[in-house]
Amino acid sequence: MLPELIRALKKGGRIVIGTHVNPDGDALGSALAFSFALDQLGLTHELYCHHPAPRILEFLPGLERMRQSPEDLSPPDLAIILDLEALDRLGPLRPFFESARRTVVIDHHVPHEEPGDLRIVTTTSPATAAILADLFLDSEIAITPDMATCLLTGIVTDTGSFRFPNTTAHSLHVAAALLERGARLNEMVEYVYMSRTIPAMRLHGWAMSRLKLDCNDQLAWTVIPLSAFEECHASDEDTEGLVNEMLAIGSVQVAAILRESKPGRIRGSIRSRGQIDVAQAAREFGGGGHKNAAGVSFEGDIWDAERALTEALRQCLASP
């Protein structure tokens, strides 16, 4: 689909790039790498994400290009939407991107919506960044060290450092190709995995000391109310990686955290092993994601959210 994508890009006009709220390494890495690619094609463009980058991703080259909202709200000619399966994950930017005359979606999630005039979606790919790497490696676009670093960050973070079931031989080959093109793996590892703050460590300890288990220790979860964030002087991004640590317990098949970093605003992260589809449970609450990694949001009382989510996860575990 590369020729069709290039044709769409070269039709001219105002081009905007966007990705999902609360961006992760794949979202930001993909968006920034695509921005660098458009530079090579001589195409001016704008880059948007409703939320700023989390602290652990502030090393990404080109991050200064990212804006949280456009000053000019007139309809773009072309919108490039990366790493999301449903437009509501654009947050407040959704109307702006929906107003575009043409839309391209590049993603690796199993879609429950199919927006976009041109869709480049490969659900077997471990990351949107891996799809872009394949496109660029097969094109006139030269992958620079900055682009390679952005793309490798997306692949490494979405595969859990090549530990998750979505790791394939192809993803390892792509990662090797990006290293050959100058991806700064050591810098990425230092920021993403080796720069945890003292408040984050305290919050992790607080949450793990209150771990709950059910379903013969196959379901594990923890709840972090606003008071815990205040006690530990921590923020929402300090919960990064916690749910994966819970899934490391040998008996646990499904792990979840619920956290209230702002009054009445509750976010949840869910992980699973094998064939257990937690994205299906997440969609019950307007969330989504992958079979083994999904997210949800609630408003209201965190303990009500706990009861609703854990019941859905019990049913998820009981499903054949």
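Packing-wise, with mean Cβ within 10 Å as the measure, how do 138-151, 109-122 rank, highest first? Spell out each step's value before the answer.
Values: 138-151: 20.3, 109-122: 15.6.
Top of the packing list down: 138-151, 109-122.
Considering only protein heavy atoms and a probe of 1.4 Å, how much of the accessible area of the stretch 21-165 is carbon and sulfur, as a whole percent? Can you show the working numbers first?
Working: 2700 of 5470 Å².
Solvent-exposed carbon and sulfur of the stretch 21-165 make up 49 percent of the total.
When ranked by the protection proxy of mean other Cβ atoms within 10 Å per residue, highest first, what sequence do the peptides 87-98, 270-281 form?
With the highest mean Cβ count within 10 Å placed first, the list reads 270-281, 87-98.
Put Arg101, Arg65 in order of accessible area, largest first, 1.4 Å probe: what do you get? Could the numbers behind the result be given before it?
Numbers: Arg101 150, Arg65 75 Å².
In descending accessible area the options line up as Arg101, Arg65.
Report in % the part of the accessible area of the stretch 256-320 that belongs to carbon and sulfur, leaving out ligands and nucleic acids; probe 1.4 Å.
46 percent
Quick one: accessible area per residue over the stretch 1-121, 1.4 Å probe, rounded to a whole number of Å²?
40 Å²
Positive end of the charge dipole of the chain (Lys, Arg +1 and Asp, Glu -1 on Cβ, about the Cα centre): tell me which of Ile257, Tyr191, Leu172 has its Cα farthest that way.
Farthest towards the positive end: Leu172.
Based solely on its DSSP helices, what 222 nm [θ] is calculated for the chain when runs of n ≥ 4 H residues each add -39,500 (n - 2.57) and the sum is averaged over all residues, nearest 500 deg cm²/dmol?
Per the formula, -11000 deg cm²/dmol.
Which of Leu203, Pro145, Thr123 sits closest to the plus end of the dipole of the chain, meaning its Cα is farthest towards the positive end, when Lys and Arg get +1 and Asp and Glu get -1 on the C-beta?
Going by the charge dipole, the pick is Thr123.
Specify the angular offset, from 0 to 90 degrees and rounded to the nearest 10, of the alpha carbon long axis of helix 302-318 from the longest principal axis of the alpha carbons in the chain.
80 degrees
Using the per-residue mean of other Cβ atoms lying within 10 Å as a proxy for protection, in what order, highest first, do the peptides 192-198, 131-137 fall?
On the way: 192-198: 13.7, 131-137: 22.1.
Listed from highest to lowest mean packing, they are 131-137, 192-198.
Just to confirm a number: summing +1 for Lys and Arg and -1 for Asp and Glu over residues other than Arg65 whose beta-carbon lies under 14 angstrom from that of Arg65, what do you get?
-4
Under a cut-off of 13 Å between alpha-carbon atoms, report the aspartates and glutamates in cross-link reach of Lys11, not counting same-chain residues fewer than 8 places apart.
Asp77
The values are calculated or read from the model by the stated rules, or taken from the named source; none is laboratory data. This structure is a prediction, so every number in the text was calculated from the model and none was measured. Backbone-built Cβ (ideal geometry, glycine too); neighbour counts: all protein chains shown. Note: accessible area is taken over every heavy atom of the protein model, side chains too, but ligands, DNA and RNA are not part of it. Shrake-Rupley method; radii C 1.70, N 1.55, O 1.52, S 1.80 Å.
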